[in-house]
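The values are calculated or read from the model by the stated rules, or taken from the named source; none is laboratory data. Quick caveat: nothing in here was measured; it's all calculated off a predicted structure. Virtual Cβ from ideal backbone geometry, glycine too; neighbours counted across all protein chains shown. All accessible areas refer to the heavy atoms of the entire protein, side chains included, with ligands and DNA or RNA removed. Shrake-Rupley method; radii C 1.70, N 1.55, O 1.52, S 1.80 Å.
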Amino acid sequence: MSEAKTGTGNEKLVVEIVGAHNLMPKDGEGSSSPFVEVEFENQRLRTKVKPKDLNPIWNEKLVFHVIDVNDLRHKTLEISVYNEKRSSNSRSFLGKVRVLGSSVGREGESVVQLYTLEKRSLFSSVRGEISVKHYMTTTAENSENVRRVNGSGSSKKSKKVQNLSSSMAIQQQQQQQQQIALHNHNRGNQQQNQQNAQGQRMLPFYPNQGEIKPLVIAALPGPMPGPRPVVYSNGSSEFSLKETKPCLGGTGSGVGGLTSHKDKTSSTYDLVEQMQYLYVRIVKAKDLSVSGEVVSEVKLGNYRGVTKKVSSNSSNPEWNQVFAFSKESIQSSVVELFVKEGNKDEYTGRVWFDLSEIPTRVPPDSPLAPQWYKIENRNGGRSNGEIMVSVWFGTQADEAFAEAWHSKAGNVHIEGLSSIKSKVYLSPKLWYLRVSVIEAQDVAIIDKGSGLMRFPELSAKLQVGSQILRTAVASASPTQSFSNPYWNEDLMFVVAEPFEDCITVVVEDRLGGGALGGQNDVAVGRVQIPVSAVERRTGDTPVGSRWFSLDNGNNNNRFGSRIHLRLSLDGGYHVLDEATMYSSDVRPTAKELWKPQVGLLEIGILSATGLMPMKVRDGKCGGTADSYCVAKYGPKWVRTRTVVDSLCPKWNEQYTWEVYDPCTVVTVGVFDNARVNGNNNSQDVRIGKVRIRLSTLETGRVYTHSYPLIVLHATGVKKTGELHLAVRLSCGNAVNMLQMYALPLLPKMHYTQPLSVHMLERLRYQSLNAVAAKLSRAEPPLGREVVEYMLDHDFHVWSMRRSKANFFRLVNVISGLVAVAKLVEVMRSWIKPVYSTVFVLAVLFMVLFPELLLPCLFLYTAAVGVWRFRRRPRYPPHMDARISHAETVFPDELDEEFDTFPTSRGFDVVRMRYDRVRSIAGRVQTVVGDMASQGERVQALLSWRDPRATFLFLVFCLFAAVGFYAVPVKLTVAIFGLYYLRPPRFRRKLPSRGLSFFRRLPSRADSLL
């Protein structure tokens, strides 16, 4: 301890600056030239400058001398990031980090830590993270990336370095390194000689700085306190699509694995890799001499499967259960079957089979017939009783695969076995129910008892299941009495087959006169109508209306109150349960309106790799996942089996859908099964999903790709793994598929009787509730959280990130027009006289021969399309984190996006966000106002608001009419084109007279408060 306190000078603090991510651009050109400066105990040192890089990689080690190791926990290491301004020899602040000395570890124990850059003051503009590794060492570093400073007098030198340019600073640091190296050589010759005797040390390997970009990968999807480990990899390929070459259909070919020699299995399961299984079916037993409950056990090496318990009332128990053992994990040459009493460990009978003698079954062969086998006792002799068993080798194409107990699910709770099986679900058939509330007659008005005449505030409330809608309060009319209210409103509901609900219509009178309903609304009449009795229609032909008697609950009713309704189940609509842009089905509800299918979609869900751990199990060091896939297209949902306790699951399941429209989207999601342990109240955790638009696929081609699973959390974007799929779109009739592109996207009724956007959003929410309620009652249930994630229930919620992404998408769309405008401006500037001359000649040629304008334009467009055919995308599109602006989003924007509605944040946070929205809305308001002013100036040309301006415009119009009548059109266009493209020396910098005249016209902005 005394030696440590005095400080021998051998202790050194090594700070390894790895890299930074998502820095703030500060050079005015959308980038920065960052460098890092580290200060420790009056010692300062900086890294090299990375010009024009917001995600720099340094991989530089900075070595500092430690005077007293025991005082290190009281010291602070300050790491600052700056942007170098070469033009002014200055720098701008990008962020800083303070690291306590107590967090510094020993060499070999420390890992790369990720720190979020902090502000220097309240008005600093900072973002991004920096990755640093720091540790104590006594070993001399011999690397060109190591930079040392001397403890004495280095503070003054560092201040001088700040004022020098980058090249002079690096030169001074190199001279300082040579002095320190000479000083260390004089102090420790013996230590250097020992190192030279051992030989030259291997230099650490660092990746090429120009090829890698930093990317933060967290270990868990939730937020983690403190600094997190960081992994750096190639940013261009981390979130990209990767083509794979699996062995599909059990063959050994390349992409798709398709050859002309296929067996029976590969003819139907040719988009997945064959997985061999040993199947054991235990049907029943007879003539058993047991007194308690009977179970049968299958043992194969270390794997053991047990049947259900059968009551002892019968000597002939029946199980009829199938066990599946993966062939790749078989570690035994025999499979044994035991018959036991339920409460005993010793068996009463045994049957075994040699694996080398078990037959192989290939579908579509008929199932292997079970046979009776005599059971053996513990001594090897024959005992009373027989058991009916069938044993065979097969693949996942076997009919018994879906219902079989799998060997890898041996640790699953018995109540969770049903939740790990693969299933196919069907969405309920949804209809739009239209209720037109027209009027009511002879409604019994409630008297307040005051003796004063009052006008009743009558409204109608309709309820179908959990959906409640109200009409407006009937307005007064001179042709209608108080007891005969008139509404004439259409209300829409979503109902699912089979129709079990009723339409409850209640006429209410608002006694309190409040703005809202509730306790002040008193029912004055009620009627219930079964949904199954409502007339169905497939077009926009109106159905007949009917009068329904109202029941007010008074047996001595003197009034025959009734209500006039028009009810219909509209089958001509497509009930939207998905966002229109991600819709997988656009067919109308009525089946008689369906068009024939145009193709077949086949998806092989192969496997997933590198999944993020979602849970931690007892007895295991790392995390694990119980993952399964859900694929949704049209009304058909498929769910694969759950692969238990694996971060690289293999499913190899193939499914097929009928395609009625190629411009639709199929969605495949990956989830972690939270019901494996038997807790049915737990919610499954989303891992990621993939969308594939069918119109981007070539027919007949097998697409085998690895899709990145990208999930946006409150802590940022994360890659949670990769999903391997094989996709094929088959087309029976190419003419029918091409004809679909000329038809409307939605059914006819969406255009003849369109629904408002607000109504569609409300109906979509009700459709989601109906689908979730139906699928949650299946076995195994498909949870509501799965349905909401697959149907994108929150895509309409406000998000600053989505707003930015959509804005830049719009900018990208109009970038072509901007490029054309820039090209014309370059031609006008006559910077390249030859090109400008050719352009002028081309304009004159089009003026002289205008009939060639459109043919040349379309021919040029066709030529561009043919030229780009060679570079057409060879892979389907996938979710892009860059286009989504998920990598450059601010933490506060993510927190706002994941906030609940209504908000659950504090007052200060809500006020800050409100002020931000106000500033954005203010800019939008200014732009909208400017656009309105320009339109109003156009209207002012003939409105005589400015009489002098209108007079001048009318005079101009008269002269223009005479001039254009006398001068040919071609000559006019040619003169205008030459005038517009004249060289700059013949122009003036002031605006044109016509533009000046237009800007002087009045607008209604003067009338605004």
Gly678: passes all of (1) within 13 Å of the chain's Cα centre (by Cα); (2) in a loop (DSSP other than H, G, I, E, B) but (1)
Those residues of the range 567-625 which are of a type in the set (Phe, Trp, Tyr) and touching a strand residue (DSSP E or B) at 6+ places or on another chain (Cβ under 8 Å) amount to Tyr573, Tyr582
For the range 76-99, does any single residue satisfy the condition of being in contact with a Pro (Cβ under 9 Å, 6 or more places away or on another chain), in a helix (DSSP H, G or I) and not β-branched (Val, Ile, Thr)?
no
For residues in the range 84-125 being under 21 Å from Lys50 (Cβ atoms) and aliphatic (A, V, I, L, M), which is most open to solvent (accessible area, probe 1.4 Å)?
Val112
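Mind listing whichever residues of the range 370-385 are under 22 Å from Phe401 (Cα atoms) and either modelled with pLDDT under 90 or surrounded by 14 or more Cβ atoms within 10 Å (Cβ to Cβ) (or both)?
Pro370
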Name the pairs: first residue in the range 871-895 and on the phi > 0 side of the Ramachandran plot, second residue modelled with pLDDT of 85 or more and surrounded by 19 or more Cβ atoms within 10 Å (Cβ to Cβ), Cβ to Cβ under 7 Å, at least 6 apart or on different chains?
His885/Arg801
Close pairs (9 angstrom Cβ cut-off, 6 or more residues apart or separate chains): over 21 Å from Glu851 (Cα atoms) in the range 957-969, surrounded by 10 or more Cβ atoms within 10 Å (Cβ to Cβ) and of a type in the set (S, T, N, Q) anywhere:
Gly963/Thr972
Selected residue [modelled with pLDDT under 95 and more than 22 Å from Ser240 (Cα to Cα)] from Lys615, Lys632, Lys650, Lys689:
Lys615
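Pick out the one residue from Ser568, Ser532, Ser584 that is at pLDDT 90 or above and either charged (D, E, K, R) or open to solvent by 50 Å² or more (accessible area, probe 1.4 Å) (or both).
Criteria check complete, one pass: Ser532.
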From the list Asn55, Asn22, which residue is over 30 Å from Thr138 (Cα atoms), surrounded by 19 or more Cβ atoms within 10 Å (Cβ to Cβ) and within 41 Å of the chain's Cα centre (by Cα)?
Asn55
Taking only pairs six or more apart or across chains, which ones have beta-carbon atoms under 6 Å, a first residue in the range 564-575 that is closer than 15 Å to Arg546 by Cα and in contact (Cβ under 8 Å) with a residue 40 or more places away in the chain, and a second residue that is crowded, with 22+ Cβ neighbours inside 10 Å and among the β-branched types (Val, Ile, Thr)?
Leu567/Val435
Can you find a residue that is more than 28 Å from Gly678 (Cβ to Cβ) and open to solvent by 20 Å² or more (accessible area, probe 1.4 Å) anywhere in the range 415-429?
yes
Which members of the range 885-910 meet the condition of being exposed (fewer than 14 other Cβ atoms within 10 Å of the Cβ), part of a helix (DSSP H, G or I) and modelled with pLDDT under 85?
Pro891, Asp892
Could you please find all residues in the range 712-734 being surrounded by fewer than 16 Cβ atoms within 10 Å (Cβ to Cβ) and at pLDDT 90 or above?
Ser730
Just wondering, is there one or more residues in the range 950-965 that are part of a loop (DSSP other than H, G, I, E, B), at pLDDT below 90 and exposed (fewer than 12 other Cβ atoms within 10 Å of the Cβ)?
no
Residues Val575, Val630, Val638: which one is in contact with a Phe, Trp or Tyr (Cβ under 8 Å, 6 or more places away or on another chain), open to solvent by less than 50 Å² (accessible area, probe 1.4 Å), hydrophobic (A, V, I, L, M, F, W, C) and part of a loop (DSSP other than H, G, I, E, B)?
Val575
Please determine whether any residue of the range 918-927 is open to solvent by 90 Å² or more (accessible area, probe 1.4 Å), closer than 30 Å to Pro850 by Cα and out of contact with any Asp or Glu (no Cβ under 7 Å at 6 or more places or on another chain).
no
Residues being open to solvent by less than 50 Å² (accessible area, probe 1.4 Å), outside any strand (DSSP E or B) and farther than 15 Å from Arg728 by Cβ - total across the range 646-664:
6
Please go through the range 966-1008 and pick out each residue that is in a loop (DSSP other than H, G, I, E, B), open to solvent by less than 90 Å² (accessible area, probe 1.4 Å) and not hydroxyl-bearing (Ser, Thr, Tyr).
Val967, Pro968, Leu981, Arg982, Pro983, Arg987, Pro991, Leu1001, Pro1002
Just to be sure, is Val391 under 22 Å from Trp637 (Cα atoms) and either more than 37 Å from the chain's Cα centre (by Cα) or open to solvent by 30 Å² or more (accessible area, probe 1.4 Å) (or both)?
no
Check the range 756-767 and report whether any residue there is farther than 26 Å from Thr888 by Cα, part of a loop (DSSP other than H, G, I, E, B) and either of a type outside the set (Asp, Glu) or open to solvent by 40 Å² or more (accessible area, probe 1.4 Å) (or both).
yes
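Only one residue in Phe807, Phe795 is open to solvent by 70 Å² or more (accessible area, probe 1.4 Å) and either within 30 Å of Ser682 (Cβ to Cβ) or not aliphatic (A, V, I, L, M) (or both). Which one?
Values: Phe795 fails: open to solvent by 70 Å² or more (accessible area, probe 1.4 Å).
Being open to solvent by 70 Å² or more (accessible area, probe 1.4 Å) and either within 30 Å of Ser682 (Cβ to Cβ) or not aliphatic (A, V, I, L, M) (or both) holds for just one of Phe807, Phe795, which is Phe807.
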Pick from the range 58-83 the residues that are basic (Lys, Arg) and touching a helix residue (DSSP H, G or I) at 6+ places or on another chain (Cβ under 9 Å): which of them is least open to solvent (accessible area, probe 1.4 Å)?
Lys75
Is there a residue being assigned to a helix (DSSP H, G or I), farther than 21 Å from Thr656 by Cα, touching a residue at least 40 places away in the same chain (Cβ under 8 Å) and not aliphatic (A, V, I, L, M) anywhere in the range 710-723?
no
Pick from Arg882, Arg913: which is part of a helix (DSSP H, G or I), of a type outside the set (Ser, Thr, Tyr) and within 29 Å of the chain's Cα centre (by Cα)?
Arg913
